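So the structure is just underneath, and the comments pick up after that.
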Amino acid sequence: MRAGRTIALANKECLVCAGDLMMREALRHKARILPVDSEHNAIFQVFERDNAKAVDKVILTASGGPFRGWSREAMASVGPEKALRHPNWDMGARVSIDSATLMNKGLEVIEAFHLFPIERQQLEVLVHPQSAVHGLVQYTDGSLLAQLGAPDMRTPIAYCLSWPERMPTPVSRLDLAALQQLTFEAPDTEAFPALDLAWAALERGEGATAVLNGADEVAVAAFLDRRIGFLSIADVVARALESAEAHGLLREPGDLETALELDAAARRLATQSIDAICAARRTA
């Protein structure tokens, strides 16, 4: 950024942990950030920056993951094998588990808040099982613009590499007639509380999103190691956020050192919660 480069940003953690800092540096050094993440890339394609004041809301879509429609009771006993089976995307372990808990969508909400000139209340999440509509922008005149395509990361990557032009790709073309229908529903935040944790961390500010991310990474690793259950992932993150606030650890990361300190504190707090869960299981 300080070199004033155009950056194809392919991870969430930078903006989730230090979004204000990153965007300030990008603005100061006239660096341009192109989002590779499929949802943000979709929004980037239909967001009229010169007409940003006419934007009503930005809608991120979520597949719902492998447990869409499941109750918390049904998810209580699922193991890593089931949680890793994403219905539409082939991703790494952490992202796959985050998609199953909907934490991934929460991280994307935080990312979108920093990437686009919008307020928190202008962001919305819709569950869209077909993963054909990757992002939408609604304008004040009632227009709703959407970017559609096959669930294939080569499309957003190609768009970033060729922007502001477009390049041919071997990606399968979306056949709407074969797909037949596109469905949408509100996320079930009672069954998947991780999404609300992300919203709350974004609202809280002062580094809470860095704590959210660090604690989640540790909790997901513990679940993959079978040390905690699937439902405990969000519980560990919630406890880490509560502890960070109670101990006065939250502060706005004005530099990278502070962001890293918040991350380290989150991992320490999450590890303590996981150890407590494991100890309670041994004595039960």
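No lab work stands behind these numbers, since they all come straight from the coordinates. Computed from a prediction, not measured in an experiment: that's the story for all the values here. FYI the Cβ positions are ideal-geometry reconstructions off the backbone, even for glycines, and counts take in every protein chain you see.
Here are the numbers for the structure shown:
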{"item": "Residue within region 54-62 that is surrounded by 18 or more Cβ atoms within 10 Å (Cβ to Cβ), part of a helix (DSSP H, G or I), of a type outside the set (A, V, I, L, M, F, W, C) and within 21 Å of the chain's Cα centre (by Cα) present", "result": "no"}
{"item": "Output for region 45-86, where each listed residue is over 30 Å from G142 (Cβ atoms) and in contact with a Gly (Cβ under 7 Å, 6 or more places away or on another chain)", "result": "A76, H86"}
{"item": "Among the residues listed as V36, V16, V55, V46, the single one being out of contact with any helix residue (DSSP H, G or I) (no Cβ under 9 Å at 6 or more places or on another chain) and of a type in the set (V, I, T)", "result": "V46"}
{"item": "Strands (runs of 3 or more DSSP E) wholly inside region 89-175 that include at least 1 residues being β-branched (V, I, T)", "result": "123-127, 133-139"}
{"item": "In region 212-259, the residues that are within 18 Å of R281 (Cβ to Cβ), more than 19 Å from the chain's Cα centre (by Cα) and part of a loop (DSSP other than H, G, I, E, B)", "result": "D225, R226, R227, I228, G229"}
{"item": "All positions within region 176-211 that are part of a helix (DSSP H, G or I) and in contact with a strand residue (DSSP E or B) (Cβ under 9 Å, 6 or more places away or on another chain)", "result": "L176, L195, W199, L202"}
{"item": "Candidate set: region 104-162, residues that are aromatic (F, W, Y) and within 17 Å of the chain's Cα centre (by Cα); chosen: the one farthest from G64 (Cα to Cα)", "result": "F116"}
